[in-house]
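Here is the structure we will look at, set down as structure tokens.
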There are 2 protein chains.
Amino acid sequence: MLKIEQPITIVSFLFDDFETLDLMGPVEFLAALPNVETKYVSLAGGLISSRQGFQIMTDNFKSLPPNSLLLLPGGQGVRKMVEDKIFLSSLEKAVLQAELVLSICTGAALLAQIGQLKGRKATSNKLALSWVASHDREVLWQDQARWVVDGKFYTSSGVSAGMDMSLGFVADFWGQDLAEELAKKAEYVWQNKADQDPFSDKSRAI
Amino acid sequence: MLKIEQPITIVSFLFDDFETLDLMGPVEFLAALPNVETKYVSLAGGLISSRQGFQIMTDNFKSLPPNSLLLLPGGQGVRKMVEDKIFLSSLEKAVLQAELVLSICTGAALLAQIGQLKGRKATSNKLALSWVASHDREVLWQDQARWVVDGKFYTSSGVSAGMDMSLGFVADFWGQDLAEELAKKAEYVWQNKADQDPFSDKSRAI
């Protein structure tokens with residue numbers, strides 16, 4: 001488990017066509033934590049293209065430093081990566097080495113595909129949940145959750161939910177006051193209830 | 001004024017130590033608009049470092065294409081850029097060429113410094129508003145606004161307000177339905193009232 005009294009490395013594992021806000025929402029809050037260093041990696045290193053048209057520089061992934069948190073966005077690129085055995089093998093190594101894993105949106109499909117969510121509760125984008133769930137039926141998929149925590153895995157619902165989950169993670173490890181302070185600094189209206197999901201089908205029907 | 005029936009170029013004007021979510025929140029929504037192309041520029045081009053520890057590739061700014069929207073983030077880097085005459089001269093050229101300008105957070109200080117907000121209503125991050133306002137006292141600074149529109153200038157409050165402003169801009173030009181659709185796709189709880197500001201001092205006192 002992550003040790004917050006020691007230096008923490010936050011490693012974002014990227015691939016082409018990742019969804020911008022999946023990554024950048026959490027990064028905004030997590031990079032402000034005390035005692036953290038941020039790294040951006042990909043399978044081959046170099047420039048990675050976001051779905052929204054910019055390029056971000058990455059190092060090639062070799063291994064995670066001790067006491068790392070792995071950040072895994074989703075997006076259109078997941079549709080390709082979920083079939084890419086070399087990518088998945090590298091990701092699996094990172095997941096096993098990480099003390100904590102945060103996936104956003106369809107990033108959970110990658111974790112499901114490598115069997116790392118089996119028997120665990122998890123969630124994903126509500127518009128893509130049936131596709132995501134098809135990668136492992138033995139995950140306890142939650143269709144009404146802004147985010148879900150099970151063991152070392154935090155999984156969030158669609159895109160913007162990653163910000164709420166990240167602040168929830170901050171509250172879990174550093175306390176509610178720091179989470180609220182980070183939200184206030186960014187003038188962010190935090191949806192701070194993990195089980196309140198305005199975008200689940202059931203919630204919309206109410 | 002921006003013509004939405006013609007191709008639009010969304011140009012993000014970047015500098016080192018820009019605030020990640022100032023840029024990436026709006027980019028998430030604006031890049032999804034019909035008929036848009038996105039570009040990322042800086043004074044000298046090349047890799048620009050965000051405050052949150054990653055590098056993004058930019059072209060060097062020469063001039064804006066016709067029918068461009070200029071996106072200007074804020075952040076720690078503004079404190080340096082607001083004194084940089086070469087940067088400001090280049091930015092002024094971009095602002096004058098743009099059909100529409102969206103600034104986020106302390107990005108408004110840069111617009112104020114080059115005199116482009118004089119006599120207009122504008123806003124900025126509520127924790128930094130007095131510093132931002134010091135760059136031009138003849139701006140009609142609004143201390144209770146999530147975002148403000150005046151002429152071709154949209155200015156937003158702190159960091160996260162950029163997302164709400166961007167969706168407000170979409171609603172103004174393409175209609176409320178598209179703005180709500182983009183918010184829903186990203187599972188974003190849109191704070192859709194420009195004049196409701198939960199982070200202004202007065203609001204907090206109520």
If B:Val149 satisfies every condition in (1) surrounded by fewer than 24 Cβ atoms within 10 Å (Cβ to Cβ); (2) outside any strand (DSSP E or B) but one, which is the exception? (2)
Can you pull out every residue in segment B:50-98 that is of a type in the set (A, V, I, L, M, F, W, C) and part of a helix (DSSP H, G or I)? B:Val78, B:Met81, B:Ile86, B:Phe87, B:Leu88, B:Leu91, B:Ala94, B:Val95, B:Leu96
Any hit, segment B:131-146, residues being in contact with a Lys or Arg (Cβ under 7 Å, 6 or more places away or on another chain) and of a type in the set (A, V, I, L, M): yes
Just to be sure, is A:Leu70 away from chain B (no Cβ under 13 Å) and crowded, with 22+ Cβ neighbours inside 10 Å? yes
Kindly evaluate B:Ser156 against the criterion of being within 14 Å of chain A (Cβ to nearest Cβ), without any contact (Cβ under 8 Å) to a residue 60 or more places away in the chain and under 18 Å from the mean Cα position of the chain (by Cα). yes
Determine which single condition A:Pro26 fails, assuming it passes every other condition in (1) within 12 Å of chain B (Cβ to nearest Cβ); (2) surrounded by fewer than 17 Cβ atoms within 10 Å (Cβ to Cβ). (2)
For A:Ser63, indicate whether it is farther than 12 Å from A:Phe15 by Cβ, more than 14 Å from every other protein chain (Cβ to nearest Cβ) and within 15 Å of the chain's Cα centre (by Cα). no
Looking only at segment B:31-49, filter to residues that are within 11 Å of B:Phe15 (Cα to Cα) and not in a strand (DSSP E or B); which one of those is nearest to the other protein chains (Cβ to nearest Cβ)? B:Gly45
Conditions (1) more than 14 Å from every other protein chain (Cβ to nearest Cβ); (2) more than 26 Å from B:Phe173 (Cβ to Cβ); (3) among the aliphatic types (A, V, I, L, M); number of the one not met by B:Ile114: (2)
Please specify each residue of segment A:163-184 satisfying the condition of being in contact with a Leu (Cβ under 7 Å, 6 or more places away or on another chain) and within 12 Å of another protein chain (Cβ to nearest Cβ). A:Met165, A:Ser166, A:Leu167, A:Leu182, A:Ala183
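Coordinate-derived values only; no laboratory data. Predicted, not measured: the structure shown is a model, and the values here were computed from it. All Cβ positions, even for glycine, are placed from backbone atoms using ideal geometry, and neighbour counts span all protein chains on display.
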